[in-house]
Amino acid sequence: MGYEITIEPIGQSVTVHDGQTVLDACLRAGIWLPHACGHGLCATCKVQLLDGEVDHGDASNFALMDFERDEGKLLACCATAQSDLVIEADIEEDPDARYLPLQDFSATVVEARMLTPTIRGLWLEPDRPVAFQAGQYVMLHVPGVGERAFSIASAPGDRRIELHVRKVGGGAATTWLHERLMPNQRLDLTAPLGRFFVRKSADRPILLVAGGSGLSSPKSMLLDLLAEGWEPPITLLHGARNLEELYYRELFESLALEHANFTYVPVLSDSVSEAWNGETGYVHEALKRRFANDFRGHKAYLCGPPPMIEACIATLMQGRLFEQDIHTERFFTAADAGAPARRSPLFKNI
Ligand SMILES: Cc1cc2nc3c(=O)[nH]c(=O)nc-3n(C[C@H](O)[C@H](O)[C@H](O)COP(=O)(O)OP(=O)(O)OC[C@H]3O[C@@H](n4cnc5c(N)ncnc54)[C@H](O)[C@@H]3O)c2cc1C
Ligand code: FES
């Protein structure tokens, strides 16, 4: 049994099945609703219910407060229909979005190895190619745990999907992916998701800022840009605790030698040995130093843990780069559901 969802102001309708979320039904039908985390934590997918009844599912009280539920708001990534629905969504046309319909895939794990002491690289070969834009993410179906978001680190043309999984203390999915998943095992996933992709039409210098395993999306974006001969400058800052946690250094150093428009800036925050003569401190501090606190004319793409992203946004805004030119992918975990993020009140693009 299913219900109809009518999406205003475009007036299009889609069918939603029992247990299927509003977001899933829309994305599979090629109707692109705003979304980011995909599991009730970030509030990007909040829409207005104009008519009908929903079950709010796993929407956290932090992302969807009680008074908002009373006002008829819902999180499209969690809400399931209990009747026909009419919703009103903020569907912004984006000239750089490809609007690829969400699909299910089954994949074989062809390689798995530690990239650092805390980050495991996984290489998956799906049964058919996964179409995505560099920067987007997949939902992995982790057996016995549920769905979890991981950004794609490989470039869009690659047959293999590369993921970088940081093990989270007490995290069921990341522990399973580190300790139980082995080469040749099968894994299901849903893709593509997210709106973290390069706005190529802007044709401006690009700042890629990554924290820890937040290198995944920027790596994919960089490989994609360089492969197509992107000419404006690209700077990648990668923040890691120490040398052991700094991965893909050789790859980025050799890309910087090959491409005059690409600069690689690794930044170490802890225990720096005397042999290290690179940037130190937090990545937002290095960002400020490198650009003398003036980011005008850039497009910035920030990826990684929410506190790193908030600190970088504050730095960029002080250096006169504003909301429309800052794009983010926050690696939310369940722990963030109870911790209100420190966000600039000027920044609605959460
Ligand atoms: C769009 C997106 C892309 C991402 N891409 C990547 C990526 O490329 N690489 C990567 O490493 N990570 C990525 N992440 C983060 C990744 O999805 C999470 O690390 C993962 O979902 C954690 O799952 P888990 O089951 O291991 O831990 P969770 O179940 O999320 O638990 C994490 C921690 O929170 C604690 N916790 C659980 N519930 C609560 C609660 N109610 N209150 C307080 N604490 C609680 C747990 O004990 C544990 O310590 C991404 C996240 C998003 C949203
Ligand atoms: S996408 Fe729905 S809350 Fe993040």
State the number of residues belonging to the range 23-81 that are hydroxyl-bearing (Ser, Thr, Tyr) and under 25 Å from residue 97 (Cβ atoms).
1
Name, by its number, the condition in (1) among the aliphatic types (A, V, I, L, M); (2) more than 7 Å from ligand 2 (Cβ to nearest atom); (3) outside any strand (DSSP E or B) that does not hold for residue 14.
(3)
Single residue of the range 137-150 satisfying the filter (open to solvent by 10 Å² or more (accessible area, probe 1.4 Å), within 16 Å of ligand 2 (Cβ to nearest atom) and of a type outside the set (A, V, I, L, M, F, W, C)) that is nearest to residue 226 (Cα to Cα):
148
Out of (1) touching a Ser or Thr at 6+ places or on another chain (Cβ under 9 Å); (2) not in a helix (DSSP H, G or I), the odd one out for residue 174 is which?
(2)
Considering residues that are over 14 Å from residue 206 (Cα atoms) and open to solvent by less than 30 Å² (accessible area, probe 1.4 Å), the number found within the range 260-275 is 3
Does residue 28 qualify as being crowded, with 16+ Cβ neighbours inside 10 Å, among the basic types (Lys, Arg) and without any contact (Cβ under 8 Å) to a residue 24 or more places away in the chain?
no
Among 11, 57, which is small (Gly, Ala, Ser) and either in contact (Cβ under 8 Å) with a residue 12 or more places away in the chain or closer than 30 Å to residue 186 by Cβ (or both)?
57
Can you work out which of the residues in the range 31-54 that are part of a strand (DSSP E or B) and in contact (Cβ under 8 Å) with a residue 40 or more places away in the chain is nearest to ligand 1 (Cβ to nearest atom)?
47
Considering 199, 166, 195, which residue is within 16 Å of ligand 2 (Cβ to nearest atom) and buried (at least 17 other Cβ atoms within 10 Å of the Cβ)?
195
Residue 19 vs (1) away from ligand 2 (no atom under 13 Å from the Cβ); (2) outside any loop (DSSP other than H, G, I, E, B); (3) under 20 Å from residue 189 (Cβ atoms): all pass except (2)
Failed criterion for residue 92 (all others in (1) farther than 30 Å from residue 227 by Cβ; (2) open to solvent by 60 Å² or more (accessible area, probe 1.4 Å); (3) within 16 Å of ligand 2 (Cβ to nearest atom) hold)
(1)
One residue from 327, 298 being closer than 24 Å to residue 135 by Cα, modelled with pLDDT of 95 or more and either within 16 Å of ligand 2 (Cβ to nearest atom) or β-branched (Val, Ile, Thr) (or both):
327
Single residue of the range 99-158 satisfying the filter (among the acidic types (Asp, Glu) and in contact (Cβ under 8 Å) with a residue 24 or more places away in the chain) that is nearest to residue 302 (Cα to Cα):
147
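Okay, residues lined up against (1) at positive phi; (2) under 17 Å from the mean Cα position of the chain (by Cα):
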| residue | (1), (2) |
| --- | --- |
| 203 | yes, no |
| 212 | yes, yes |
| 215 | no, yes |
| 226 | no, no |
| 230 | no, no |
| 235 | no, no |
| 241 | no, no |
| 247 | no, no |
| 251 | no, no |
Strands (runs of 3 or more DSSP E) wholly inside the range 63-162 containing at least 3 residues that are more than 16 Å from ligand 1 (Cβ to nearest atom):
85-88, 103-114
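The values are calculated or read from the model by the stated rules, or taken from the named source; none is laboratory data. Every value quoted in this text rests on a predicted model; they were computed, and no experiment measured them. All Cβ positions, glycine included, derive from the backbone under ideal geometry; neighbour counts span all protein chains shown. We work out accessible area using only protein heavy atoms, side chains counted, and drop any ligands, DNA or RNA first. Shrake-Rupley method; radii C 1.70, N 1.55, O 1.52, S 1.80 Å.
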